[in-house]
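*Asks:* Sharing a structure here in C-alpha coordinates format.
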Amino acid sequence: MPRGNMANSSSGSNNGSSSSDSDSGAAASSGGGVESRPAVTVQLLQKLRGICARSAPWLWALWLLVVLALVYGLREPLMLGENVLAVTLFLNTLTPKFFVALTGTSSLISGLILIFEWWYFRRYGTSFIEQMSVSHLRPLIGAAESSSPTPGFAFSSGDTEPSSQNLSAECKVWRNPLSLFRGAEYNRYTWVTGKQPLTYYDMNLSAQDHQTFFTCDTDCLRPSDAVMQKVWRERSPPARIKAAYHALELRNDCPTAYVLLAEEEATTISEAEKLLKQALKAGETAYKKSQQQRPQHETQHRRDTDVMLYIKRRLAMCARKLGRIREAAKLMRDIMKEFPLLSMLNIHENLLEALLQLQAYADVQAILAKYDDISLPKSAAICYTAALLKARAVSDRFSPETASKRGLSTAEMNAVEAIHRAVEFNPHVPKYLLEMKSLILPPEHILKRGDSEAVAYVFFHLQHWKRVEGALNLLYCTWEGTFRIIPYPLEKGHLFYPYPSCTETADRELLPAFHEVSVYPKKELPFFIHFTAGLCSFTAMLALLTHQFPELMGVVVKAFFGTLFAPFGFVVEKIESFMSSGLWHQLT
(Lines give C-alpha, C1' and ligand atoms only; values in the text may rest on other atoms or scores of the structure.)
Protein backbone atom coordinates (compact mmCIF):
# COMPACT_ATOMS: atom_id res chain seq x y z
CA MET A 1 0.00 0.00 0.00
CA PRO A 2 1.44 3.44 -0.81
CA ARG A 3 2.45 5.51 2.10
CA GLY A 4 -0.15 8.18 1.37
CA ASN A 5 -2.96 5.65 1.48
CA MET A 6 -1.65 4.22 4.71
CA ALA A 7 -1.48 7.68 6.22
CA ASN A 8 -5.04 8.41 5.12
CA SER A 9 -6.34 5.14 6.45
CA SER A 10 -4.53 5.58 9.74
CA SER A 11 -5.77 9.14 10.10
CA GLY A 12 -9.25 7.95 9.27
CA SER A 13 -9.08 5.30 11.91
CA ASN A 14 -7.80 7.83 14.43
CA ASN A 15 -10.62 10.20 13.58
CA GLY A 16 -13.08 7.38 13.86
CA SER A 17 -11.76 6.38 17.22
CA SER A 18 -11.82 9.94 18.49
CA SER A 19 -15.40 10.39 17.30
CA SER A 20 -16.43 7.15 18.93
CA ASP A 21 -14.77 8.24 22.15
CA SER A 22 -16.59 11.55 22.06
CA ASP A 23 -19.88 9.77 21.39
CA SER A 24 -19.32 7.41 24.27
CA GLY A 25 -18.38 10.34 26.52
CA ALA A 26 -21.55 12.14 25.55
CA ALA A 27 -23.61 9.04 26.24
CA ALA A 28 -21.95 8.63 29.58
CA SER A 29 -22.62 12.22 30.52
CA SER A 30 -26.24 12.03 29.40
CA GLY A 31 -26.83 8.76 31.17
CA GLY A 32 -25.80 10.13 34.54
CA GLY A 33 -23.41 8.53 36.98
CA VAL A 34 -24.53 4.96 36.40
CA GLU A 35 -22.64 4.40 33.17
CA SER A 36 -19.53 6.28 34.33
CA ARG A 37 -18.84 3.81 37.15
CA PRO A 38 -17.50 1.00 34.88
CA ALA A 39 -15.11 3.44 33.21
CA VAL A 40 -13.82 4.59 36.61
CA THR A 41 -13.45 0.97 37.68
CA VAL A 42 -11.45 0.13 34.56
CA GLN A 43 -9.14 3.10 35.14
CA LEU A 44 -8.57 2.04 38.75
CA LEU A 45 -7.81 -1.52 37.64
CA GLN A 46 -5.35 -0.26 35.04
CA LYS A 47 -3.57 1.89 37.62
CA LEU A 48 -3.49 -1.04 40.03
CA ARG A 49 -2.00 -3.30 37.35
CA GLY A 50 0.62 -0.70 36.55
CA ILE A 51 1.61 -0.39 40.21
CA CYS A 52 1.79 -4.18 40.55
CA ALA A 53 3.88 -4.50 37.41
CA ARG A 54 6.38 -1.89 38.64
CA SER A 55 6.59 -3.36 42.15
CA ALA A 56 6.72 -7.03 41.10
CA PRO A 57 10.54 -7.42 41.39
CA TRP A 58 10.55 -5.86 44.86
CA LEU A 59 7.67 -8.09 45.98
CA TRP A 60 9.51 -11.19 44.79
CA ALA A 61 12.66 -10.07 46.65
CA LEU A 62 10.64 -9.42 49.80
CA TRP A 63 8.97 -12.82 49.49
CA LEU A 64 12.36 -14.52 49.15
CA LEU A 65 13.67 -12.77 52.27
CA VAL A 66 10.57 -13.81 54.25
CA VAL A 67 10.98 -17.44 53.16
CA LEU A 68 14.65 -17.45 54.14
CA ALA A 69 13.85 -15.91 57.51
CA LEU A 70 11.14 -18.50 58.18
CA VAL A 71 13.41 -21.37 57.19
CA TYR A 72 16.14 -20.07 59.48
CA GLY A 73 13.71 -19.45 62.35
CA LEU A 74 12.09 -22.89 62.04
CA ARG A 75 15.36 -24.78 61.76
CA GLU A 76 14.96 -26.33 65.21
CA PRO A 77 11.29 -27.49 64.87
CA LEU A 78 12.03 -28.82 61.38
CA MET A 79 15.28 -30.41 62.61
CA LEU A 80 17.21 -28.97 59.70
CA GLY A 81 20.52 -29.36 61.49
CA GLU A 82 19.94 -33.04 62.14
CA ASN A 83 18.88 -33.63 58.54
CA VAL A 84 21.93 -31.84 57.17
CA LEU A 85 24.15 -33.86 59.51
CA ALA A 86 22.50 -37.10 58.34
CA VAL A 87 23.07 -36.17 54.70
CA THR A 88 26.69 -35.32 55.47
CA LEU A 89 27.25 -38.69 57.18
CA PHE A 90 25.63 -40.43 54.23
CA LEU A 91 27.89 -38.68 51.74
CA ASN A 92 30.94 -39.50 53.84
CA THR A 93 30.08 -43.22 53.79
CA LEU A 94 29.91 -43.30 49.97
CA THR A 95 32.78 -45.08 48.28
CA PRO A 96 34.83 -43.61 45.41
CA LYS A 97 33.15 -46.10 43.07
CA PHE A 98 29.87 -44.27 43.58
CA PHE A 99 31.41 -40.95 42.53
CA VAL A 100 33.01 -42.61 39.50
CA ALA A 101 29.66 -44.07 38.48
CA LEU A 102 27.88 -40.76 39.12
CA THR A 103 30.27 -38.65 37.03
CA GLY A 104 30.41 -41.28 34.31
CA THR A 105 26.61 -41.43 34.08
CA SER A 106 26.29 -37.64 33.97
CA SER A 107 28.96 -37.50 31.26
CA LEU A 108 27.08 -40.12 29.23
CA ILE A 109 23.76 -38.28 29.59
CA SER A 110 25.26 -34.91 28.60
CA GLY A 111 26.98 -36.58 25.64
CA LEU A 112 23.67 -38.05 24.44
CA ILE A 113 22.03 -34.63 24.78
CA LEU A 114 24.90 -33.09 22.77
CA ILE A 115 24.52 -35.67 19.99
CA PHE A 116 20.75 -35.11 19.83
CA GLU A 117 21.15 -31.31 19.82
CA TRP A 118 23.70 -31.49 17.01
CA TRP A 119 21.48 -33.79 14.92
CA TYR A 120 18.46 -31.53 15.43
CA PHE A 121 20.47 -28.42 14.51
CA ARG A 122 21.83 -30.03 11.34
CA ARG A 123 18.33 -31.02 10.27
CA TYR A 124 16.20 -28.04 11.33
CA GLY A 125 18.73 -25.25 11.82
CA THR A 126 17.86 -24.49 15.45
CA SER A 127 18.40 -25.86 18.94
CA PHE A 128 15.71 -28.21 20.27
CA ILE A 129 16.05 -26.95 23.85
CA GLU A 130 15.99 -23.34 22.72
CA GLN A 131 12.97 -23.94 20.49
CA MET A 132 11.06 -25.68 23.29
CA SER A 133 11.86 -22.91 25.76
CA VAL A 134 10.78 -20.20 23.32
CA SER A 135 7.63 -22.05 22.25
CA HIS A 136 6.38 -23.30 25.63
CA LEU A 137 8.14 -21.51 28.48
CA ARG A 138 8.10 -17.89 27.28
CA PRO A 139 4.29 -17.81 26.76
CA LEU A 140 3.86 -19.09 30.34
CA ILE A 141 5.85 -16.18 31.78
CA GLY A 142 4.07 -13.66 29.54
CA ALA A 143 6.90 -12.84 27.12
CA ALA A 144 6.16 -12.34 23.48
CA GLU A 145 8.44 -12.03 20.52
CA SER A 146 8.05 -8.71 18.89
CA SER A 147 10.33 -9.61 16.02
CA SER A 148 8.40 -12.57 14.74
CA PRO A 149 5.29 -11.94 12.71
CA THR A 150 1.89 -13.26 13.62
CA PRO A 151 1.22 -16.80 12.38
CA GLY A 152 -0.56 -17.16 9.13
CA PHE A 153 0.20 -13.78 7.58
CA ALA A 154 0.52 -13.85 3.82
CA PHE A 155 2.32 -11.69 1.31
CA SER A 156 0.74 -10.55 -1.90
CA SER A 157 1.39 -12.63 -4.94
CA GLY A 158 3.13 -9.72 -6.60
CA ASP A 159 6.05 -10.03 -4.19
CA THR A 160 6.66 -13.71 -4.92
CA GLU A 161 9.33 -14.73 -7.38
CA PRO A 162 8.87 -17.83 -9.53
CA SER A 163 10.76 -20.72 -8.00
CA SER A 164 11.66 -22.11 -11.40
CA GLN A 165 13.87 -19.13 -12.25
CA ASN A 166 17.33 -20.10 -13.36
CA LEU A 167 19.71 -19.85 -10.41
CA SER A 168 22.75 -19.34 -12.60
CA ALA A 169 21.28 -16.02 -13.73
CA GLU A 170 21.27 -14.85 -10.13
CA CYS A 171 25.00 -15.51 -9.85
CA LYS A 172 25.62 -13.07 -12.69
CA VAL A 173 27.94 -10.19 -11.85
CA TRP A 174 26.44 -6.74 -12.46
CA ARG A 175 28.07 -3.35 -12.93
CA ASN A 176 27.73 -1.32 -9.73
CA PRO A 177 25.45 1.62 -10.63
CA LEU A 178 27.06 3.72 -7.87
CA SER A 179 30.68 2.82 -8.56
CA LEU A 180 33.32 5.35 -7.52
CA PHE A 181 35.99 7.12 -9.57
CA ARG A 182 39.35 5.36 -9.59
CA GLY A 183 41.54 8.45 -9.58
CA ALA A 184 39.50 10.70 -7.30
CA GLU A 185 38.32 8.07 -4.78
CA TYR A 186 39.84 4.59 -5.06
CA ASN A 187 43.41 5.86 -5.56
CA ARG A 188 43.06 8.36 -2.70
CA TYR A 189 42.10 5.47 -0.43
CA THR A 190 45.22 3.61 -1.54
CA TRP A 191 47.41 6.66 -0.86
CA VAL A 192 46.06 7.00 2.67
CA THR A 193 45.85 3.34 3.77
CA GLY A 194 48.24 1.56 1.44
CA LYS A 195 45.52 -1.01 0.66
CA GLN A 196 44.09 -1.86 -2.73
CA PRO A 197 40.27 -1.51 -2.61
CA LEU A 198 39.76 -3.21 -5.99
CA THR A 199 40.65 -6.77 -6.87
CA TYR A 200 42.21 -7.85 -10.14
CA TYR A 201 39.06 -9.80 -10.99
CA ASP A 202 36.90 -6.70 -10.50
CA MET A 203 39.17 -4.49 -12.62
CA ASN A 204 39.31 -7.16 -15.32
CA LEU A 205 35.51 -7.13 -15.48
CA SER A 206 35.62 -3.34 -15.85
CA ALA A 207 38.10 -3.68 -18.71
CA GLN A 208 35.70 -6.05 -20.45
CA ASP A 209 32.85 -3.58 -19.93
CA HIS A 210 34.92 -0.76 -21.41
CA GLN A 211 35.76 -2.84 -24.46
CA THR A 212 32.07 -3.64 -24.91
CA PHE A 213 30.78 -0.08 -24.43
CA PHE A 214 33.56 2.04 -25.95
CA THR A 215 34.76 0.07 -28.99
CA CYS A 216 33.27 -1.08 -32.29
CA ASP A 217 34.38 -2.73 -35.52
CA THR A 218 35.04 0.54 -37.34
CA ASP A 219 37.62 1.86 -34.84
CA CYS A 220 40.45 0.76 -37.08
CA LEU A 221 39.39 3.43 -39.59
CA ARG A 222 40.34 6.26 -37.19
CA PRO A 223 43.80 6.38 -35.57
CA SER A 224 42.58 7.82 -32.25
CA ASP A 225 39.89 5.17 -31.83
CA ALA A 226 42.40 2.46 -32.77
CA VAL A 227 44.68 3.70 -29.99
CA MET A 228 41.81 3.71 -27.48
CA GLN A 229 40.81 0.21 -28.54
CA LYS A 230 44.23 -0.97 -27.34
CA VAL A 231 44.07 1.21 -24.23
CA TRP A 232 41.09 -0.62 -22.73
CA ARG A 233 43.10 -3.86 -22.82
CA GLU A 234 46.13 -2.28 -21.14
CA ARG A 235 46.69 -3.32 -17.50
CA SER A 236 49.07 -0.57 -16.32
CA PRO A 237 47.26 2.67 -15.29
CA PRO A 238 50.21 4.95 -16.27
CA ALA A 239 50.34 3.31 -19.70
CA ARG A 240 46.60 3.83 -20.18
CA ILE A 241 46.84 7.51 -19.25
CA LYS A 242 49.82 8.05 -21.55
CA ALA A 243 47.99 6.35 -24.44
CA ALA A 244 44.90 8.51 -23.81
CA TYR A 245 46.98 11.67 -24.21
CA HIS A 246 48.41 10.21 -27.40
CA ALA A 247 44.86 9.66 -28.70
CA LEU A 248 44.02 13.32 -27.94
CA GLU A 249 47.07 14.40 -29.90
CA LEU A 250 45.78 12.43 -32.89
CA ARG A 251 42.23 13.71 -32.44
CA ASN A 252 41.44 16.59 -30.14
CA ASP A 253 37.76 15.60 -29.73
CA CYS A 254 38.13 11.92 -28.76
CA PRO A 255 35.41 11.41 -26.07
CA THR A 256 36.66 8.06 -24.76
CA ALA A 257 40.12 9.51 -24.08
CA TYR A 258 38.56 12.24 -21.93
CA VAL A 259 36.50 9.56 -20.14
CA LEU A 260 39.61 7.57 -19.26
CA LEU A 261 41.41 10.66 -17.95
CA ALA A 262 38.37 11.64 -15.88
CA GLU A 263 38.13 8.16 -14.39
CA GLU A 264 41.79 7.47 -13.67
CA GLU A 265 43.92 10.61 -13.76
CA ALA A 266 41.70 13.24 -12.10
CA THR A 267 42.43 13.39 -8.37
CA THR A 268 39.26 15.29 -7.42
CA ILE A 269 35.62 15.10 -8.45
CA SER A 270 35.78 18.68 -9.77
CA GLU A 271 38.62 17.76 -12.14
CA ALA A 272 36.74 14.67 -13.26
CA GLU A 273 33.63 16.77 -13.96
CA LYS A 274 35.61 19.20 -16.14
CA LEU A 275 37.05 16.35 -18.21
CA LEU A 276 33.63 14.71 -18.52
CA LYS A 277 32.12 17.96 -19.80
CA GLN A 278 34.79 18.02 -22.50
CA ALA A 279 33.98 14.39 -23.23
CA LEU A 280 30.26 15.24 -23.44
CA LYS A 281 30.90 18.01 -25.96
CA ALA A 282 33.00 15.68 -28.13
CA GLY A 283 30.58 12.80 -27.64
CA GLU A 284 27.55 14.83 -28.77
CA THR A 285 29.34 15.77 -31.98
CA ALA A 286 30.22 12.14 -32.72
CA TYR A 287 26.71 10.99 -31.76
CA LYS A 288 24.97 13.40 -34.13
CA LYS A 289 27.38 12.55 -36.93
CA SER A 290 26.85 8.79 -36.58
CA GLN A 291 23.10 9.30 -36.27
CA GLN A 292 23.04 10.90 -39.70
CA GLN A 293 25.04 7.97 -41.12
CA ARG A 294 23.12 5.36 -39.11
CA PRO A 295 22.21 2.81 -41.81
CA GLN A 296 25.83 2.50 -42.94
CA HIS A 297 27.42 2.74 -39.47
CA GLU A 298 24.96 1.02 -37.12
CA THR A 299 27.66 -0.40 -34.80
CA GLN A 300 29.38 2.97 -34.57
CA HIS A 301 26.10 4.68 -33.68
CA ARG A 302 25.45 2.09 -30.97
CA ARG A 303 28.95 2.70 -29.58
CA ASP A 304 28.42 6.47 -29.61
CA THR A 305 25.10 6.01 -27.83
CA ASP A 306 26.78 3.97 -25.09
CA VAL A 307 29.49 6.61 -24.72
CA MET A 308 26.90 9.40 -24.43
CA LEU A 309 24.91 7.45 -21.84
CA TYR A 310 28.03 6.71 -19.78
CA ILE A 311 29.23 10.33 -19.82
CA LYS A 312 25.86 11.78 -18.82
CA ARG A 313 25.49 9.29 -16.00
CA ARG A 314 28.93 10.05 -14.59
CA LEU A 315 28.24 13.78 -14.86
CA ALA A 316 25.07 13.26 -12.83
CA MET A 317 27.09 11.34 -10.25
CA CYS A 318 29.64 14.16 -10.11
CA ALA A 319 26.86 16.66 -9.45
CA ARG A 320 25.54 14.39 -6.68
CA LYS A 321 28.97 14.12 -5.06
CA LEU A 322 29.52 17.89 -5.26
CA GLY A 323 26.23 18.61 -3.48
CA ARG A 324 24.15 19.68 -6.48
CA ILE A 325 21.54 17.05 -5.80
CA ARG A 326 18.59 18.57 -7.63
CA GLU A 327 20.72 18.99 -10.73
CA ALA A 328 21.83 15.37 -10.42
CA ALA A 329 18.23 14.15 -10.11
CA LYS A 330 17.21 16.17 -13.19
CA LEU A 331 20.11 14.74 -15.22
CA MET A 332 19.16 11.20 -14.23
CA ARG A 333 15.52 11.77 -15.15
CA ASP A 334 16.60 13.14 -18.54
CA ILE A 335 18.75 10.07 -19.14
CA MET A 336 15.85 7.74 -18.31
CA LYS A 337 13.59 9.65 -20.72
CA GLU A 338 16.18 9.74 -23.48
CA PHE A 339 17.14 6.06 -23.15
CA PRO A 340 14.00 4.30 -21.81
CA LEU A 341 15.00 0.85 -23.05
CA LEU A 342 18.27 0.70 -21.08
CA SER A 343 16.71 -0.17 -17.72
CA MET A 344 19.26 -2.97 -17.24
CA LEU A 345 21.86 -0.30 -16.42
CA ASN A 346 19.86 0.48 -13.23
CA ILE A 347 19.96 4.26 -13.59
CA HIS A 348 16.83 4.36 -11.43
CA GLU A 349 18.99 3.28 -8.47
CA ASN A 350 21.08 6.43 -8.88
CA LEU A 351 17.87 8.47 -8.98
CA LEU A 352 16.49 6.70 -5.89
CA GLU A 353 19.59 7.59 -3.87
CA ALA A 354 19.45 11.25 -4.96
CA LEU A 355 15.72 11.55 -4.17
CA LEU A 356 16.27 10.01 -0.74
CA GLN A 357 18.89 12.67 -0.07
CA LEU A 358 16.31 15.29 -1.06
CA GLN A 359 13.76 13.51 1.17
CA ALA A 360 11.34 13.42 -1.77
CA TYR A 361 9.67 10.27 -0.49
CA ALA A 362 6.61 10.60 -2.75
CA ASP A 363 8.85 10.56 -5.84
CA VAL A 364 10.75 7.59 -4.40
CA GLN A 365 7.46 5.72 -3.95
CA ALA A 366 6.52 6.48 -7.57
CA ILE A 367 9.80 5.00 -8.83
CA LEU A 368 9.37 1.92 -6.64
CA ALA A 369 5.86 1.41 -8.02
CA LYS A 370 7.37 1.33 -11.51
CA TYR A 371 10.47 -0.79 -10.95
CA ASP A 372 9.51 -3.05 -8.03
CA ASP A 373 7.75 -5.47 -10.34
CA ILE A 374 7.85 -9.25 -10.61
CA SER A 375 9.02 -9.10 -14.24
CA LEU A 376 12.07 -6.98 -13.35
CA PRO A 377 15.17 -8.19 -11.49
CA LYS A 378 15.19 -7.22 -7.85
CA SER A 379 18.04 -5.49 -6.06
CA ALA A 380 18.92 -4.52 -2.51
CA ALA A 381 18.28 -0.86 -3.37
CA ILE A 382 14.70 -1.66 -4.43
CA CYS A 383 13.85 -4.00 -1.56
CA TYR A 384 15.45 -2.02 1.26
CA THR A 385 14.18 1.33 0.00
CA ALA A 386 10.65 -0.10 0.00
CA ALA A 387 11.24 -1.31 3.55
CA LEU A 388 12.56 2.12 4.56
CA LEU A 389 9.43 3.86 3.30
CA LYS A 390 7.17 1.40 5.13
CA ALA A 391 9.23 1.75 8.30
CA ARG A 392 9.16 5.54 8.05
CA ALA A 393 5.40 5.54 8.68
CA VAL A 394 5.71 3.83 12.09
CA SER A 395 9.34 3.88 13.24
CA ASP A 396 9.20 7.15 15.17
CA ARG A 397 6.70 5.75 17.67
CA PHE A 398 7.59 2.04 17.54
CA SER A 399 8.43 0.36 20.83
CA PRO A 400 9.17 -3.37 21.20
CA GLU A 401 7.68 -3.49 24.70
CA THR A 402 4.44 -1.83 23.58
CA ALA A 403 4.21 -4.00 20.46
CA SER A 404 4.70 -7.17 22.51
CA LYS A 405 1.81 -6.22 24.78
CA ARG A 406 -0.79 -4.97 22.30
CA GLY A 407 0.46 -6.66 19.12
CA LEU A 408 1.45 -5.08 15.83
CA SER A 409 -0.82 -2.61 14.09
CA THR A 410 -1.56 -2.87 10.36
CA ALA A 411 1.08 -0.27 9.44
CA GLU A 412 3.67 -1.92 11.71
CA MET A 413 2.88 -5.32 10.20
CA ASN A 414 3.39 -3.90 6.69
CA ALA A 415 6.75 -2.47 7.77
CA VAL A 416 7.85 -5.76 9.34
CA GLU A 417 6.80 -7.72 6.26
CA ALA A 418 8.75 -5.31 4.03
CA ILE A 419 11.85 -5.74 6.23
CA HIS A 420 11.49 -9.54 6.14
CA ARG A 421 11.19 -9.40 2.36
CA ALA A 422 14.32 -7.26 2.04
CA VAL A 423 16.34 -9.40 4.45
CA GLU A 424 15.38 -12.58 2.61
CA PHE A 425 16.56 -11.05 -0.66
CA ASN A 426 19.91 -9.95 0.79
CA PRO A 427 20.62 -11.09 4.36
CA HIS A 428 24.01 -9.34 4.52
CA VAL A 429 22.70 -5.76 4.57
CA PRO A 430 21.36 -5.46 8.19
CA LYS A 431 24.73 -5.99 9.88
CA TYR A 432 26.22 -3.14 7.86
CA LEU A 433 23.21 -0.87 8.46
CA LEU A 434 23.31 -1.58 12.20
CA GLU A 435 27.12 -1.06 12.14
CA MET A 436 27.74 -4.53 13.51
CA LYS A 437 30.30 -5.02 10.74
CA SER A 438 32.85 -2.58 9.32
CA LEU A 439 32.20 -1.02 5.93
CA ILE A 440 34.64 -0.71 3.02
CA LEU A 441 34.64 1.05 -0.33
CA PRO A 442 32.19 -0.65 -2.72
CA PRO A 443 33.60 -2.63 -5.67
CA GLU A 444 32.99 -1.71 -9.30
CA HIS A 445 30.90 -4.87 -9.78
CA ILE A 446 28.41 -6.49 -7.44
CA LEU A 447 26.71 -9.84 -7.10
CA LYS A 448 23.02 -9.51 -6.37
CA ARG A 449 22.01 -11.03 -3.02
CA GLY A 450 25.71 -11.14 -2.11
CA ASP A 451 27.98 -9.36 0.34
CA SER A 452 29.31 -7.12 -2.44
CA GLU A 453 25.81 -5.77 -3.13
CA ALA A 454 25.29 -5.19 0.60
CA VAL A 455 28.51 -3.15 0.82
CA ALA A 456 27.57 -1.10 -2.26
CA TYR A 457 24.06 -0.39 -0.95
CA VAL A 458 24.95 0.53 2.64
CA PHE A 459 27.90 2.70 1.58
CA PHE A 460 25.44 5.22 0.11
CA HIS A 461 22.18 4.49 1.94
CA LEU A 462 23.23 4.29 5.59
CA GLN A 463 22.75 8.04 5.98
CA HIS A 464 19.17 7.76 4.68
CA TRP A 465 18.30 5.10 7.29
CA LYS A 466 19.86 7.23 10.04
CA ARG A 467 17.85 10.25 8.93
CA VAL A 468 14.52 8.43 9.48
CA GLU A 469 13.93 8.42 13.23
CA GLY A 470 13.57 4.93 14.67
CA ALA A 471 14.09 3.09 11.36
CA LEU A 472 17.29 1.36 12.49
CA ASN A 473 15.66 0.47 15.80
CA LEU A 474 12.77 -1.19 13.97
CA LEU A 475 15.24 -3.03 11.73
CA TYR A 476 17.23 -4.18 14.77
CA CYS A 477 14.11 -5.55 16.46
CA THR A 478 12.73 -7.42 13.46
CA TRP A 479 15.37 -8.47 10.93
CA GLU A 480 16.43 -11.72 12.60
CA GLY A 481 12.83 -12.95 12.54
CA THR A 482 13.27 -13.54 8.80
CA PHE A 483 15.44 -16.60 9.39
CA ARG A 484 12.68 -18.28 11.40
CA ILE A 485 10.34 -17.95 8.42
CA ILE A 486 12.63 -19.24 5.67
CA PRO A 487 12.75 -23.05 5.52
CA TYR A 488 16.02 -24.62 6.60
CA PRO A 489 17.81 -26.29 4.88
CA LEU A 490 17.10 -23.82 2.10
CA GLU A 491 15.62 -26.26 -0.39
CA LYS A 492 13.05 -23.60 -1.21
CA GLY A 493 12.60 -19.93 -0.51
CA HIS A 494 9.76 -18.13 1.20
CA LEU A 495 9.23 -15.07 -1.00
CA PHE A 496 12.05 -15.53 -3.50
CA TYR A 497 13.80 -18.42 -5.14
CA PRO A 498 16.25 -20.36 -2.93
CA TYR A 499 19.37 -18.51 -1.95
CA PRO A 500 22.11 -19.39 -4.49
CA SER A 501 25.16 -21.25 -3.25
CA CYS A 502 27.64 -19.48 -5.57
CA THR A 503 27.56 -16.11 -3.80
CA GLU A 504 30.45 -16.76 -1.41
CA THR A 505 32.87 -17.73 -4.20
CA ALA A 506 31.99 -14.72 -6.36
CA ASP A 507 32.11 -12.28 -3.42
CA ARG A 508 35.58 -13.45 -2.42
CA GLU A 509 36.79 -12.55 -5.91
CA LEU A 510 35.02 -9.18 -5.99
CA LEU A 511 35.92 -7.95 -2.50
CA PRO A 512 39.48 -7.20 -1.31
CA ALA A 513 41.43 -9.68 0.79
CA PHE A 514 41.44 -7.51 3.93
CA HIS A 515 37.62 -7.59 4.07
CA GLU A 516 35.91 -10.43 5.93
CA VAL A 517 33.31 -11.72 3.49
CA SER A 518 29.86 -12.29 4.97
CA VAL A 519 28.64 -15.84 4.33
CA TYR A 520 25.02 -17.03 4.25
CA PRO A 521 23.48 -19.47 5.02
CA LYS A 522 26.04 -19.97 7.75
CA LYS A 523 24.14 -20.36 10.98
CA GLU A 524 26.04 -19.99 14.22
CA LEU A 525 25.86 -22.85 16.69
CA PRO A 526 23.17 -22.23 19.35
CA PHE A 527 24.14 -21.60 22.95
CA PHE A 528 22.84 -24.95 24.18
CA ILE A 529 25.14 -26.89 21.84
CA HIS A 530 28.13 -25.04 23.27
CA PHE A 531 26.75 -25.56 26.78
CA THR A 532 26.16 -29.31 26.39
CA ALA A 533 29.57 -29.74 24.74
CA GLY A 534 31.25 -28.01 27.68
CA LEU A 535 29.17 -29.95 30.19
CA CYS A 536 29.98 -33.26 28.51
CA SER A 537 33.70 -32.48 28.41
CA PHE A 538 33.74 -31.29 32.02
CA THR A 539 31.88 -34.32 33.42
CA ALA A 540 34.02 -36.73 31.37
CA MET A 541 37.14 -35.11 32.80
CA LEU A 542 35.72 -35.39 36.33
CA ALA A 543 34.89 -39.05 35.76
CA LEU A 544 38.42 -39.78 34.58
CA LEU A 545 40.06 -37.90 37.48
CA THR A 546 37.74 -39.53 40.04
CA HIS A 547 38.57 -42.96 38.67
CA GLN A 548 42.32 -42.34 38.74
CA PHE A 549 42.54 -40.34 42.00
CA PRO A 550 39.45 -41.13 44.11
CA GLU A 551 40.77 -39.94 47.49
CA LEU A 552 42.27 -36.75 46.14
CA MET A 553 39.05 -35.89 44.27
CA GLY A 554 37.08 -36.49 47.48
CA VAL A 555 39.24 -33.94 49.30
CA VAL A 556 38.83 -31.47 46.38
CA VAL A 557 35.04 -31.86 46.38
CA LYS A 558 34.80 -31.33 50.16
CA ALA A 559 37.03 -28.26 49.93
CA PHE A 560 34.93 -26.90 47.05
CA PHE A 561 31.61 -27.25 48.85
CA GLY A 562 33.15 -25.93 52.07
CA THR A 563 34.29 -22.81 50.24
CA LEU A 564 30.94 -22.52 48.48
CA PHE A 565 28.89 -22.54 51.70
CA ALA A 566 31.38 -20.52 53.77
CA PRO A 567 29.75 -17.12 53.00
CA PHE A 568 26.33 -18.47 54.03
CA GLY A 569 27.71 -19.77 57.34
CA PHE A 570 29.44 -16.45 57.92
CA VAL A 571 26.16 -14.56 57.41
CA VAL A 572 24.32 -16.92 59.79
CA GLU A 573 26.94 -16.43 62.52
CA LYS A 574 26.72 -12.65 62.18
CA ILE A 575 22.93 -12.75 62.45
CA GLU A 576 23.12 -14.92 65.59
CA SER A 577 25.67 -12.57 67.15
CA PHE A 578 23.49 -9.49 66.60
CA MET A 579 20.21 -11.05 67.74
CA SER A 580 19.65 -12.62 71.14
CA SER A 581 18.53 -16.23 71.45
CA GLY A 582 15.42 -15.15 73.37
CA LEU A 583 14.16 -13.09 70.43
CA TRP A 584 14.63 -16.00 68.05
CA HIS A 585 12.84 -18.28 70.55
CA GLN A 586 9.86 -15.91 70.71
CA LEU A 587 9.70 -15.68 66.89
CA THR A 588 9.79 -19.46 66.46
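*Asks:* What part of the accessible area of the range 360-524, given as a whole %, is carbon or sulfur when the probe is 1.4 angstrom?
*Replies:* About 50 percent, which is the carbon plus sulfur part of the accessible surface.
*Asks:* To continue, here is another question. Per Stokes-Einstein, at 25 °C and 0.890 mPa s, what whole-number D in µm² s⁻¹ belongs to the range 325-369, with the Kirkwood radius over Cα pairs as the hydrodynamic radius?
*Replies:* 233 µm²/s
*Asks:* For the range 215-328, what is the accessible area per residue in Å² when the probe is 1.4 Å?
*Replies:* Dividing the accessible area of the range 215-328 by its residue count gives 51 Å².
*Asks:* Right, something else. Give the Debye-formula value of log10 I(q)/I(0) at each listed q (0.12 Å⁻¹), with one equal scatterer per alpha carbon of the range 226-299, two decimals each.
*Replies:* Here the Debye-derived log intensity ratios amount to -0.35.
*Asks:* Give me the percent of accessible area attributable to carbon and sulfur for the range 178-345, probe 1.4 angstrom.
*Replies:* 54 percent
*Asks:* Determine how many Å³ per residue the convex hull of the Cα atoms of the range 530-570 encloses.
*Replies:* 61 Å³
*Asks:* Averaged over all directions, how much area does the convex hull of the C-alpha atoms of the range 258-351 cover when projected, in nm²?
*Replies:* 6.1 nm²
*Asks:* Taking 8 Å as the Cα distance limit and 6 or more residues as the minimum spacing, I'd like the relative contact order of the range 178-345 as a percentage.
*Replies:* Relative contact order comes out at 20 percent.
*Asks:* Which pairs break 20 Å Cα to Cα here: LYS330/LYS370; LYS288/LYS337; LYS337/LYS370; LYS281/LYS312; LYS321/LYS370?
*Replies:* LYS321/LYS370
*Asks:* Let me ask something else. Charges on Cβ only, +1 for Lys and Arg, -1 for Asp and Glu, centred on the Cα centroid of the range 323-435; of PHE339, THR402, ALA362, which one is farthest towards the dipole's positive end?
*Replies:* The residue sitting farthest along the positive end of the dipole is THR402.
*Asks:* For the range 360-524, what mean projected area does the convex hull of the alpha carbons give, in nm²?
*Replies:* The Cα convex hull of the range 360-524, projected and averaged over all directions, gives 10.3 nm².
*Asks:* If eta is 0.692 mPa s and T is 37 °C, what Stokes-Einstein diffusion coefficient results for the range 326-441, Kirkwood Rh from Cα pairs, in µm²/s?
*Replies:* My calculation gives 208 µm²/s for D.
The values are calculated or read from the model by the stated rules, or taken from the named source; none is laboratory data. Quick caveat, the model's predicted, so the values are computed rather than measured. Glycine gets a Cβ as well: all are built from the backbone with ideal geometry, and neighbour counts include every protein chain shown. These accessible areas exclude ligands, DNA and RNA; they are computed on the full protein's heavy atoms, side chains included. Shrake-Rupley method; radii C 1.70, N 1.55, O 1.52, S 1.80 Å.
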